[in-house]
1. Just to be sure I understand the model, the point goes 7 Å from the Cα along the line to the Cβ. What's the resulting residue 64 to residue 40 distance in nm?
2. May I ask you to evaluate 6.51 cos²θ - 1.76 cosθ + 1.60, the Karplus curve with θ = phi - 60°, for each residue of region 43-59 and list the ³J(HN,Hα) values in order in whole Hz, giving x for glycine and proline?
3. Sorting check: for 66-77, 42-53, which peptide has the highest mean count of neighbouring beta carbons within 10 Å, and how do the rest follow?
4. Could you give the spread of the C-alpha atoms of the chain along their three principal axes, from largest to smallest, in whole angstroms?
5. DSSP loop (so not H, G, I, E, B), at most 10 other Cβ within 10 Å: list which trypsin sites (Lys or Arg not before Pro) in region 46-89 pass both filters.
6. Report the gain in length on full extension from residue 77 to residue 11: 0.36 nm times residue separation, minus Cα-Cα distance, nm rounded to one decimal.
Amino acid sequence: MTHIFRRRKWTIDELPKKIRRYGDCDDPRINGKKIRVNITRKDKKGLSALIHESLHACFWDLEELAVDCAAEDIALFLWRLGWRKIKED
């Protein structure tokens, strides 16, 4: 799967299960950049991780604390509005 963030194409890969992080994001200036996340998670922490790595792709220059706080706030907001991951048909 690929996705474009701020006019740059990223490959989205599944984070290996043995890795204990929720995700990571390559530097947007490199060729073949990837975002690795646990795509199968359906909980609020999984949503937060997806937002977190997406924010890194969009705003690489932000400090980790800013990205972390924003991702947590956005995830909580969406969760409170009823966002849940469901299987697509």
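Computed from the coordinates by the stated procedures, all read-outs in this text should not be read as laboratory data. Remember, predicted model here, so these are calculated numbers, not experimental data. All Cβ positions, glycine included, derive from the backbone under ideal geometry; neighbour counts span all protein chains shown.
1. In this crude label model, residue 64 to residue 40 measures out at 2.7 nm.
2. Listing the rounded values in order: 9, 4, 5, x, 4, 4, 5, 4, 5, 4, 5, 5, 5, 4, 5, 7, 10 Hz.
3. Put in order of decreasing packing, that is 42-53, 66-77.
4. Result, largest extent first: 36, 30, 27 Å.
5. 84, 87
6. This chain segment gains 21.1 nm when fully extended.
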